[in-house]
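Colleague: One structure, as structure tokens, below. Some questions next.
The values are calculated or read from the model by the stated rules, or taken from the named source; none is laboratory data. A quick note: this is a predicted structure, and the numbers were derived from the prediction, not measured. So basically every Cβ, Gly included, is an ideal-geometry build from the backbone, and we count neighbours across all protein chains shown.
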Protein chains: 2
Amino acid sequence: MDGCGHDHAQMGMKPAAVRAALDAAEAACGLDGERMTAPRRRVLELLLAAGEPVKAYDLIAAYGRDGEAAKPPTVYRALEFLERRGLAHRIASLSAYVACSHDRAEHAAAFLICDCCGATAEVPAGAGAQLAGSAGDLGFVIQRATVEAHGLCARCRPDA
Amino acid sequence: MDGCGHDHAQMGMKPAAVRAALDAAEAACGLDGERMTAPRRRVLELLLAAGEPVKAYDLIAAYGRDGEAAKPPTVYRALEFLERRGLAHRIASLSAYVACSHDRAEHAAAFLICDCCGATAEVPAGAGAQLAGSAGDLGFVIQRATVEAHGLCARCRPDA
DNA sequence: GGTCGTGATGTTATCTCATAACACTCCCTC
DNA sequence: GAGGGAGTGTTATGAGATAACATCACGACC
Ligand SMILES: [Zn+2]
Ligand SMILES: [Zn+2]
Ligand SMILES: [Zn+2]
Ligand SMILES: [Zn+2]
């Protein structure tokens with residue numbers, strides 16, 4: 001993530017795209033009788049603008065547009081909601097959070113995480129598939145899976 | 001893990017088996033010029049005896065045979081060593097640690113974690129074979145993967 | 001046997017991550 | 001215009017992990 005001798009491009013959405021995504025998310029919530037309130041919208045906005053995993057306390061610090069930080073529960077509650085709605089995901093191996101990049105499809109996500117530049121790709125992993133075999137043999141019923149592959153993205157690969 | 005209406009069997013190794021496993025690990029370390037020192041051995045002993053994921057601070061509390069706790073760095077350094085040697089694994093989705101149950105084979109492990117009784121099975125996941133496809137398309141090189149499936153084990157399944 | 005460098009440990013302090021608890025407000029419904 | 005449920009603000013604290021530095025054990029080398 002540093003000291004790797006090359007520069008890392010930015011990744012986040014442009015403001016117009018962020019607004020569009022926020023409005024779409026808000027509309028989708030409305031249909032389900034859920035409320036996209038101000039803190040939820042703000043946290044999602046920060047995640048979308050970042051375009052890569054963000055630590056909870058970085059969200060807390062960036063929350064106020066005037067540079068004022070939020071209180072931790074404000075952000076953690078928003079994250080809980082966003083995760084429940086499938087609008088954001090927690091990356092357990094990083095203790096960080098990222099906006100969902102699926103366009104509202106089936107939600108068994110896996111992540112490719114570049115340890116050099118921090119970029120992540122959310123791939124539609126039926127990656128439970130590999131596990132399903134072992135799980136079935138043991139009589140284990142999978143309910144959700146954390147699948148996070150670390151490595152180097154195409155731009156950070158030494159060879160290229 | 002509680003309030004589920006049924007009892008959960010114990011899982012850990014018996015003391016004799018623990019000692020055997022410790023001695024084997026110590027011998028293997030010796031061959032590689034690494035030292036299985038007292039704190040490392042003690043932490044591995046606790047993990048083996050538990051037979052399921054253990055929180056770091058539970059290890060810290062249980063460290064002293066006289067009931068005295070260890071200092072956090074003592075245990076965290078031992079865990080780092082054990083993980084490096086493949087003798088233990090961190091379960092990111094639980095922030096917990098578990099002794100390896102492979103018999104010294106290839107090490108791309110995946111875990112099936114019962115959310116009811118806490119039991120885990122370490123299965124020889126082919127390093128996210130499912131992911132390899134997506135990763136290759138993107139030019140992504142996977143170096144290590146966190147694969148943790150949560151659900152219900154055979155004994156905790158409601159139907160059975 | 002002495003000394004030197006490396007790796008491991010002991011110890012203190014601190015940092016990061018996350019949640020409990022409770023009062024209050026908003027919004028919808030009846 | 002009450003009542004109830006979801007959401008928020010706020011304070012405080014719990015849980016997970018590491019930085020920094022002094023000291024100690026061990027093997028290599030002379
Ligand atoms: Zn997603
Ligand atoms: Zn990269
Ligand atoms: Zn293993
Ligand atoms: Zn179970």
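Colleague: Specify the residue that is farthest from ligand 1 (Cβ to nearest atom); the eligible residues are those in the range A:148-160 that are in a strand (DSSP E or B) and either β-branched (Val, Ile, Thr) or without any contact (Cβ under 8 Å) to a residue 40 or more places away in the chain (or both).
Modeller: Within the range A:148-160, the first condition is being in a strand (DSSP E or B), and the residues that meet it are A:148-152.
Filter once more, keeping what is either β-branched (Val, Ile, Thr) or without any contact (Cβ under 8 Å) to a residue 40 or more places away in the chain (or both): A:149, A:151-152.
Values: A:Ala149: 15, A:Gly151: 20, A:Leu152: 22 Å.
The selected residue is A:Leu152.
Colleague: Can you tell me which residue is farthest from the chain's Cα centre (by Cα) among those in the range A:97-110 that are crowded, with 21+ Cβ neighbours inside 10 Å and under 19 Å from A:Val43 (Cβ atoms)? Give the derivation first.
Modeller: In the first step, residues of the range A:97-110 are kept if they are crowded, with 21+ Cβ neighbours inside 10 Å; the result is A:97-100, A:109-110.
Retained after the next criterion (residues that are under 19 Å from A:Val43 (Cβ atoms)): A:97-100, A:109.
Values: A:Tyr97: 5, A:Val98: 2, A:Ala99: 4, A:Cys100: 5, A:Ala109: 10 Å.
By that ranking, first place goes to A:Ala109.
Colleague: Something else now. Report the residue count in the range B:73-99 for those that are farther than 13 Å from B:Ala56 by Cβ, within 13 Å of DNA strand C (Cβ to nearest atom) and either within 14 Å of another protein chain (Cβ to nearest Cβ) or outside any loop (DSSP other than H, G, I, E, B) (or both).
Modeller: Count: 3.
Colleague: Another question, then. Scanning the range A:1-17 for residues that are surrounded by 12 or more Cβ atoms within 10 Å (Cβ to Cβ) and over 14 Å from A:Glu52 (Cβ atoms), which turns out modelled with the lowest pLDDT? Lay out the reasoning, then the answer.
Modeller: Here is the first cut: in the range A:1-17, the ones surrounded by 12 or more Cβ atoms within 10 Å (Cβ to Cβ) are A:4, A:8, A:11-13, A:17.
Now narrow it down to the ones that are over 14 Å from A:Glu52 (Cβ atoms): A:4, A:17.
Values: A:Cys4: 74, A:Ala17: 97.
The selected residue is A:Cys4.
Colleague: To continue, here is another question. Going by the structure shown, is B:Arg35 under 25 Å from B:His102 (Cβ atoms), of a type outside the set (A, V, I, L, M, F, W, C), under 14 Å from the mean Cα position of the chain (by Cα) and exposed (fewer than 13 other Cβ atoms within 10 Å of the Cβ)? I'd like the intermediate steps shown before the answer.
Modeller: Values: under 25 Å from B:His102 (Cβ atoms): yes; of a type outside the set (A, V, I, L, M, F, W, C): yes; under 14 Å from the mean Cα position of the chain (by Cα): no; exposed (fewer than 13 other Cβ atoms within 10 Å of the Cβ): yes.
No, not satisfied.
Colleague: Which is part of a loop (DSSP other than H, G, I, E, B), in contact with a Gly (Cβ under 7 Å, 6 or more places away or on another chain) and within 14 Å of chain B (Cβ to nearest Cβ), of A:Ala108, A:Ala70, A:Ala145, A:Ala125? Before you say what the answer is, go through the steps one by one.
Modeller: Working: A:Ala70 fails: within 14 Å of chain B (Cβ to nearest Cβ); A:Ala145 fails: part of a loop (DSSP other than H, G, I, E, B); A:Ala125 fails: in contact with a Gly (Cβ under 7 Å, 6 or more places away or on another chain).
Checking each option against the conditions leaves just A:Ala108.
Colleague: Filter the range B:111-148 down to the residues that are more than 16 Å from ligand 2 (Cβ to nearest atom), within 15 Å of A:Phe111 (Cβ to Cβ) and modelled with pLDDT of 90 or more and list them by number.
Modeller: Once the filter is applied, which keeps residues that are more than 16 Å from ligand 2 (Cβ to nearest atom), within 15 Å of A:Phe111 (Cβ to Cβ) and modelled with pLDDT of 90 or more, the range B:111-148 yields B:Ala145, B:Thr146, B:Val147, B:Glu148.
Colleague: Contact list please: Cβ distance under 8 Å, first residue in the range A:37-52 and over 14 Å from A:Thr74 (Cα atoms) and in the same structural domain as A:Gly118 (by TED's automatic domain parsing), second residue at pLDDT 95 or above and within 16 Å of ligand 3 (Cβ to nearest atom), pairs at least six apart or on different chains.
Modeller: none
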